[in-house]
Number of protein chains: 2
Amino acid sequence: MAASSSLTLSQTLLSRAISHPASSSDRPDRISLPGFRLSNLSGRSLDSSSSPLSARRRLPAPARQARAPVRAAAVETLEKTATALVEKSINTIRFLAIDAVEKANSGHPGLPMGCAPMGHILYDEVMRYNPKNPYWFNRDRFVLSAGHGCMLQYALLHLAGYDSVKEEDLKSFRQWGSRTPGHPENFETPGVEVTTGPLGQGIANAVGLALAEKHLAARYNKPDSEIVDHYTYVILGDGCQMEGISNEASSLAAHWGLGKLIAFYDDNHISIDGDTEIAFTENVDIRFEGLGWHVIWVKNGNTGYDEIRAAIEEAKAVKDKPTLIKVTTTIGYGSPNKANSYSVHGSALGAKEVEATRQNLGWPFEPFHVPDDVKSHWSRHVSKGAAFEAEWNAKFAEYEKKYKEDAAELKSIISGEFPAGWEKALPTYTPESPADATRNLSQQCLNALAKVLPGLLGGSADLASSNMTLLKMFGDFQKDTPQERNVRFGVREHGMGAICNGIDLHSPGLIPYCATFFVFTDYMRAAIRISALCEAGVIYVMTHDSIGLGEDGPTHQPIEHLASFRAMPNILMLRPADGNETAGAYKVAVLNRKRPSILALSRQKLSQLPGTSIEGVEKGGYIVSDNSSGNKPELILISTGSELEIAAKAADELRKEGKKVRVVSFVSWELFDEQSDAYKESVLPAAVSARVSIEAGSTFGWEKIVGSKGKAIGIDRFGASAPAGKIYKEFGLTVENVIATAKSL
Amino acid sequence: MAASSSLTLSQTLLSRAISHPASSSDRPDRISLPGFRLSNLSGRSLDSSSSPLSARRRLPAPARQARAPVRAAAVETLEKTATALVEKSINTIRFLAIDAVEKANSGHPGLPMGCAPMGHILYDEVMRYNPKNPYWFNRDRFVLSAGHGCMLQYALLHLAGYDSVKEEDLKSFRQWGSRTPGHPENFETPGVEVTTGPLGQGIANAVGLALAEKHLAARYNKPDSEIVDHYTYVILGDGCQMEGISNEASSLAAHWGLGKLIAFYDDNHISIDGDTEIAFTENVDIRFEGLGWHVIWVKNGNTGYDEIRAAIEEAKAVKDKPTLIKVTTTIGYGSPNKANSYSVHGSALGAKEVEATRQNLGWPFEPFHVPDDVKSHWSRHVSKGAAFEAEWNAKFAEYEKKYKEDAAELKSIISGEFPAGWEKALPTYTPESPADATRNLSQQCLNALAKVLPGLLGGSADLASSNMTLLKMFGDFQKDTPQERNVRFGVREHGMGAICNGIDLHSPGLIPYCATFFVFTDYMRAAIRISALCEAGVIYVMTHDSIGLGEDGPTHQPIEHLASFRAMPNILMLRPADGNETAGAYKVAVLNRKRPSILALSRQKLSQLPGTSIEGVEKGGYIVSDNSSGNKPELILISTGSELEIAAKAADELRKEGKKVRVVSFVSWELFDEQSDAYKESVLPAAVSARVSIEAGSTFGWEKIVGSKGKAIGIDRFGASAPAGKIYKEFGLTVENVIATAKSL
């Protein structure tokens, strides 16, 4: 970052503005300067690959020094005026944040005040987006990983002309039913890409977004058409940096060579408990160099606009590594008494300090006011955005003519409309099909689906050969083979989940799946919860789903995990029992694009059971076998997954004794809950209170199904290290115990 | 690591052996060499602070070169013989692992085969421990973070003479009821310090153990008596390195300057999915330097014994930083066809490859055989260990005479016996006491307890001022103030939990607490589960426990978290309603030293309720108010935490209408479950089916309490960003809704 870059940058910008006077003449209402010039000065500089900064690099140094003094003076004046407007825009962002937090009397003004300069430069000068279509496919993605600073993003979306954040939305910040919740939520606010707030998630989401871009670009770009071509920008703070998930995701970003991922690290030295000195004294720059990132330090993030601009240019020039731009800022910049302290992090400034900040920054306006020149300056993004999209649409039309098949696939990924009849690819099984572990059956499904769903990609956290997740017809997604679909996440479950959220939210037709042992959902639970909240239909392939994994012992044996996910909102917890149910689980998982699915799969072999079906799975709970009539069984055995076989065998025995027994597979509680009362009654008639459930997990929650007169067989302790069969026996998960329990009712 | 260090080291060792011939004459059964010499050669070199290696450093280089050739030849012969025995011992470790995995036909031979050299050097030459008292306070701690390699540790414990791992235990590796489970479990195997397997936990546990040592040393050591003085060693693998938790904990270890933490990074380039090249190409050395560690690379971890020894010496010399010794090893070293491949990681070698490995390493013995000379060599650790402990006991007796108060405190920490009447320090409240948030009441309890419990220490993940966890009479535990008790974890929840597990397991009287928002238990769930499994009585202070936190919105509002922990084995989930219940929760938490407690605490103010009590909390569920008689209420309202006030108000209203209403506080389901049937019936009589529960969380599991005829009021969706009162109303968590629901029954 040479100190001289400022003037040079402006000179280049000016010459560009002069040489292309007609390029953006949509600003007739400008007063201080002709509209097109300002637009070009601060608006068009970095938003295309042939940026003026690249041009600058081509200028030989002596040519610059030889410029006439008169010309330089003109540049200086223009630059000053332009900088004044930039500063006004930046202060607008600051005060929109201050005012919204003040009105809500709740929120985080510190980050928006400190990050307003980089925010302004990104949204006004660098990023390509269409405010009137927040979902335009080829837009640059922006993630505020430090989600508490969401007023920064809301202010930017507001200025840029997004319909999701009008003035009234800013005024209802953090209020019931508003589109401006306390942390960014993609499902509430178009223009927000992902849901952040829990620290570190956002940077990992951004890695997922950048992975998706690199993957799709590799698959669909042609020598004559870069149809997929955008950057992913992210702002993360000290808090994100401390979280382990950010290290996991950042390690992968470098491993994959995600050159179009540009992360701004808001290095403000303040976290909630005070100066980061008390808990965070590592050298982040060195760590990121160790991870394999390109690292740039912008020492003056408060007013060093050209430093920020030049850093972005440098970052774009480094194409084989992600870039971390460490931007040293002052949290709460502008507040005379609270800046640079934790007190400005998470509460309203208070009327007095707001007034002092107004004085300090020279801000005479009413709350929520956007000065006319600022408004006018930003208003060009509506037409610019429309032009970006129109240009891309034209490009795509050309592409479609030349590359019909690729275009159709890409369209499916962009739209989320799957090829008709895709579900017919799912395998089906008969009771004569060989017994197999559901993890293996899962691999058959994944491989069948990968042929018909172009957006299916994923992998495992270093357990591909245990989770059985490899797509056999594809290679590994790696730095130099990004067109492939097997993603190797390493032992990084948390990062894996959050990266998949990013992939999912990149395009409606991308279907990411990821895998580990079911017990290690504990490592990634925060990311899974975000999947559920942000409506990302990630497929979680969770194998080794019970004590049935045997010898690895209690550290590896899930017990409470089924219950813990059944309690989580907006998630599908599926535990298939055999091949047909596994196929059914995949059908449900693929169809649920706005709800994640967790598939709990066995390590051990299971029989293919009579009566199971894909259709049954879609109802969540269904009758697998029954020898009663009139919906009046004497006994109902209810089970899931690997224990359904035990229930079926127990039923056979009891039927031999003349009992009328129904066996119900309860593969997904959530789906069953969604069925009609009539259907539920047809499966679990209220009059039948003799019910026994069997599941190799916590009985917590089963009382609802078996009722107070029924009994739940399960495991309410930790597991044990021993061969699986032995543990099943010791824990009473046996045909004999089911029969005895049933008879005791 | 100079290549010349080998000879120099041996020379020094020899001169030491010769000059102290009587120091360990407990080996009359040695054949190949006189016992004391071998003992000294390979056994005493590094196990005291005045190590011979330090002595070596004091020798000027020319003096070493001037040695006579005759002397050098003698040294060489002796060295060769000694090295041969070391190698034999190392191969014993390898084959014990191979044989146990082979017999179990399950397990992980690769790591023990590769790490046997460092394991041998640590347990035979470096570490101070007493095999006949695995709990001797001042022992060096060892953690196998790569827990799947547990046969390494079992073999070492076996050789060292621990009663927990006899030959029959090795032979029942991974079998039902054995003391040698599939991953190291401190509660099964004395000598194992912590429970590992889930990757990355162990290194964080080790940070906790080292923190505890540094803290206790700072508090209790005197200029004339280093009564607390041990190292913490850890072996971690590539998998641990990839996990975010290890980065979190390692960042803190350097921040705190834990100089007596020495980590061996088993750099074998293989993880389950194959070469680490596919997912892990960062530069770990640079990352650790960025984190602030001292980093050493042992390039030949397979046979470079002196390199390993010298690295440990160097690590010990660096007192202000933890040291990472990257030891490049070959996974499955010795196996001609499987070494250096993932196939040796996690399955038995198979008879053929075992035989090939025997051939390759020259191992003619039966399975599980420990050659006599190896056995004899190791047998000295029993007397050595006894001597270590006796020496320390004598030292402590001296200490006790001089520093009576400190000795009493330290004794309490070592034994876990708390001062009589400590619980009287807990505050009590009356209904007239001011309303307050339970997070604030929690801080009153913590500060009251810190005065009477010398082992209470802890802190928050950068939310001390929100979680209200600061101990006011103490400063911050920091690198230069390690005697203080407020620990600043930064935004590193997962590391925090695992570090607290380490602190807890360091000494029975240490009571670590840690804090964040309740929703962020998702970030640390894997560590909390290990607390429960490994019987660490960590106190989790989890504030902002519901939608009651308001504007921060659904990313910050727990919903399913109460249910998810109620389903977890061996954990106490406590949700107190006011001051007395918060005090009760702390009493329970402190008393439960082998079971973690989670305290869910409110952000918002709550009234002090009539009828609440510490004693009530101890029973888990109890009657807070009742206007019925004969255990026959018409209606039972059941609630926890912040909603108990709503239940109490609803009861008041209903009683005004003449209803007989009981209000039950259900603060801990687990404690209630443990009560007698008679007590349970006295609180929730079976005959009363009109039950309504109210809790600001998922209703999952409540069916068990309210029964099929009762109703559970709760939240089965994600929360929302708005002022808390508004969300309560919109979600029906109101007095009016309780009354209406009760009337509907």
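The values are calculated or read from the model by the stated rules, or taken from the named source; none is laboratory data. Small disclaimer: the values here were computed from a predicted structure and weren't measured. FYI the Cβ positions are ideal-geometry reconstructions off the backbone, even for glycines, and counts take in every protein chain you see.
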- Quick one: is A:LEU572 under 23 Å from B:HIS561 (Cβ atoms) and either more than 13 Å from chain B (Cβ to nearest Cβ) or modelled with pLDDT under 95 (or both)? yes
- Restricting attention to the stretch A:80-103, does a residue exist that is in contact with a His (Cβ under 9 Å, 6 or more places away or on another chain) and outside any helix (DSSP H, G or I)? no
- Could you please find all residues in the stretch B:705-722 being within 25 Å of B:PRO554 (Cα to Cα) and either facing another protein chain (nearest Cβ under 7 Å) or touching a residue at least 24 places away in the same chain (Cβ under 8 Å) (or both)? B:LYS711, B:ILE713, B:ILE715, B:ASP716, B:ARG717, B:PHE718, B:GLY719, B:ALA720, B:SER721, B:ALA722
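For B:THR430, indicate whether it is closer than 22 Å to B:ALA515 by Cβ and either away from every other protein chain (no Cβ under 14 Å) or modelled with pLDDT under 95 (or both).
Details: closer than 22 Å to B:ALA515 by Cβ: no; either away from every other protein chain (no Cβ under 14 Å) or modelled with pLDDT under 95 (or both): yes.
Answer is no for this residue.
Suppose we filter A:LYS80, A:LYS103 for residues that are among the basic types (Lys, Arg) and either under 17 Å from A:ALA160 (Cα atoms) or modelled with pLDDT under 95 (or both); which single one remains? Spell out how you get there, then give the answer.
Values: A:LYS103 fails: either under 17 Å from A:ALA160 (Cα atoms) or modelled with pLDDT under 95 (or both).
Every option except A:LYS80 fails the conditions.
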- Would you confirm whether any residue within the stretch A:656-664 is surrounded by 15 or more Cβ atoms within 10 Å (Cβ to Cβ) and within 26 Å of A:PRO569 (Cβ to Cβ)? yes
- Just one of A:VAL194, A:VAL228 is among the hydrophobic types (A, V, I, L, M, F, W, C), outside any helix (DSSP H, G or I) and surrounded by 24 or more Cβ atoms within 10 Å (Cβ to Cβ); which is it? A:VAL194
- Message: Among the residues of the stretch B:233-248, are any touching a residue at least 40 places away in the same chain (Cβ under 8 Å), aromatic (Phe, Trp, Tyr) and more than 20 Å from B:LYS321 (Cα to Cα)?
- Response: no
- Message: Just to check your reading of the model, which residue among B:GLY149, B:GLY200 is at the interface with chain A (Cβ under 10 Å from one of its Cβ atoms) and surrounded by 24 or more Cβ atoms within 10 Å (Cβ to Cβ)?
- Response: B:GLY200
- Which one of these is among the hydrophobic types (A, V, I, L, M, F, W, C) and surrounded by fewer than 17 Cβ atoms within 10 Å (Cβ to Cβ): B:ALA408, B:ALA356? B:ALA408
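If I filter the stretch A:532-564 down to residues being of a type in the set (A, V, I, L, M) and within 22 Å of A:SER466 (Cα to Cα), which single residue comes out as farthest from the other protein chains (Cβ to nearest Cβ)?
Let us first name the residues in the stretch A:532-564 that are of a type in the set (A, V, I, L, M), namely A:532-533, A:536, A:538-539, A:541-542, A:547, A:549, A:559, A:562-563.
Of the ones still in play, those that are also within 22 Å of A:SER466 (Cα to Cα) are A:538-539, A:541-542, A:547, A:549, A:559, A:562.
Working: A:VAL538: 16, A:ILE539: 19, A:VAL541: 15, A:MET542: 14, A:ILE547: 11, A:LEU549: 10, A:ILE559: 6, A:LEU562: 8 Å.
Step by step, filter the stretch A:532-564, then rank; the result is A:ILE539.
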- Query: Are any of the residues in the stretch B:288-297 over 26 Å from the mean Cα position of the chain (by Cα) and within 17 Å of B:GLU87 (Cβ to Cβ)?
  - Reply: no
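Report yes if some residue within the stretch B:87-98 is among the small types (Gly, Ala, Ser), farther than 28 Å from B:ASP229 by Cβ and surrounded by 22 or more Cβ atoms within 10 Å (Cβ to Cβ); otherwise report no.
Looking only at the stretch B:87-98, we keep the residues that are among the small types (Gly, Ala, Ser), and these are B:89, B:97.
From what is left, the residues that are farther than 28 Å from B:ASP229 by Cβ are B:97.
Then drop every residue that is not surrounded by 22 or more Cβ atoms within 10 Å (Cβ to Cβ), which leaves B:97.
Yes, there is a match, as at least one residue in the stretch B:87-98 is among the small types (Gly, Ala, Ser), farther than 28 Å from B:ASP229 by Cβ and surrounded by 22 or more Cβ atoms within 10 Å (Cβ to Cβ).
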- Task: Being under 18 Å from the mean Cα position of the chain (by Cα) and not in a loop (DSSP other than H, G, I, E, B) is the filter; apply it to the stretch B:442-487 and report the residue that is nearest to the other protein chains (Cβ to nearest Cβ).
- Result: B:SER460
- Specify which of the listed residues (B:PHE137, B:PHE173) is assigned to a loop (DSSP other than H, G, I, E, B) and under 25 Å from B:GLY200 (Cβ atoms). B:PHE173
- Query: From the list A:ALA567, A:ALA585, which residue is more than 18 Å from A:ILE694 (Cβ to Cβ), of a type in the set (A, V, I, L, M) and within 14 Å of another protein chain (Cβ to nearest Cβ)?
  - Reply: A:ALA567
- Query: Which condition number does A:ALA356 fail, the rest of (1) in contact with a Pro (Cβ under 7 Å, 6 or more places away or on another chain); (2) within 14 Å of chain B (Cβ to nearest Cβ) being met?
  - Reply: (2)
- Note on the structure: Those residues of the stretch A:155-180 that are within 16 Å of A:LEU111 (Cβ to Cβ) and either surrounded by fewer than 24 Cβ atoms within 10 Å (Cβ to Cβ) or within 12 Å of chain B (Cβ to nearest Cβ) (or both) come to a total of 3
- Task: Mind listing whichever residues of the stretch A:104-121 are outside any loop (DSSP other than H, G, I, E, B) and either touching a helix residue (DSSP H, G or I) at 6+ places or on another chain (Cβ under 8 Å) or within 14 Å of another protein chain (Cβ to nearest Cβ) (or both)?
- Result: A:ALA104, A:GLY110, A:LEU111, A:PRO112, A:MET113, A:CYS115, A:ALA116, A:PRO117, A:MET118, A:GLY119, A:HIS120, A:ILE121
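Would you check which residues across the stretch A:663-675 are farther than 20 Å from A:ARG595 by Cβ and either out of contact with any helix residue (DSSP H, G or I) (no Cβ under 8 Å at 6 or more places or on another chain) or among the β-branched types (Val, Ile, Thr) (or both) and list them?
Filtering the stretch A:663-675 down to residues farther than 20 Å from A:ARG595 by Cβ leaves A:663-665.
Matches in the stretch A:663-675: A:VAL663, A:VAL664.
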- Which of the residues spanning the stretch B:231-281 are farther than 30 Å from B:TYR220 by Cβ, within 7 Å of another protein chain (Cβ to nearest Cβ) and surrounded by fewer than 24 Cβ atoms within 10 Å (Cβ to Cβ)? B:ILE272, B:ILE278, B:PHE280, B:THR281
- Query: From the list A:LEU599, A:LEU562, which residue is among the aliphatic types (A, V, I, L, M), crowded, with 24+ Cβ neighbours inside 10 Å and within 22 Å of A:LYS729 (Cβ to Cβ)?
  - Reply: A:LEU562
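Could you check the stretch A:333-440 for helices (runs of 4 or more DSSP H) lying wholly inside it with 3 or more residues that are over 30 Å from A:THR612 (Cα atoms) and hydrophobic (A, V, I, L, M, F, W, C)?
Working: elements: A:351-361, A:372-378, A:380-402, A:404-415.
Fully inside the stretch A:333-440 and qualifying: A:351-361, A:380-402, A:404-415.
Evaluate the following for B:ASP285: is it away from chain A (no Cβ under 14 Å) and surrounded by fewer than 21 Cβ atoms within 10 Å (Cβ to Cβ)?
Values: away from chain A (no Cβ under 14 Å): no; surrounded by fewer than 21 Cβ atoms within 10 Å (Cβ to Cβ): yes.
Criteria not met by B:ASP285.
Residues in the stretch A:585-606 that are more than 18 Å from A:GLY537 (Cα to Cα) and out of contact with any strand residue (DSSP E or B) (no Cβ under 8 Å at 6 or more places or on another chain): how many? First the steps, then the outcome.
Within the stretch A:585-606, the first condition is being more than 18 Å from A:GLY537 (Cα to Cα), and the residues that meet it are A:601-606.
Next, from what is left, pick out any that are out of contact with any strand residue (DSSP E or B) (no Cβ under 8 Å at 6 or more places or on another chain): none.
Residues in the stretch A:585-606 being more than 18 Å from A:GLY537 (Cα to Cα) and out of contact with any strand residue (DSSP E or B) (no Cβ under 8 Å at 6 or more places or on another chain): 0 in total.
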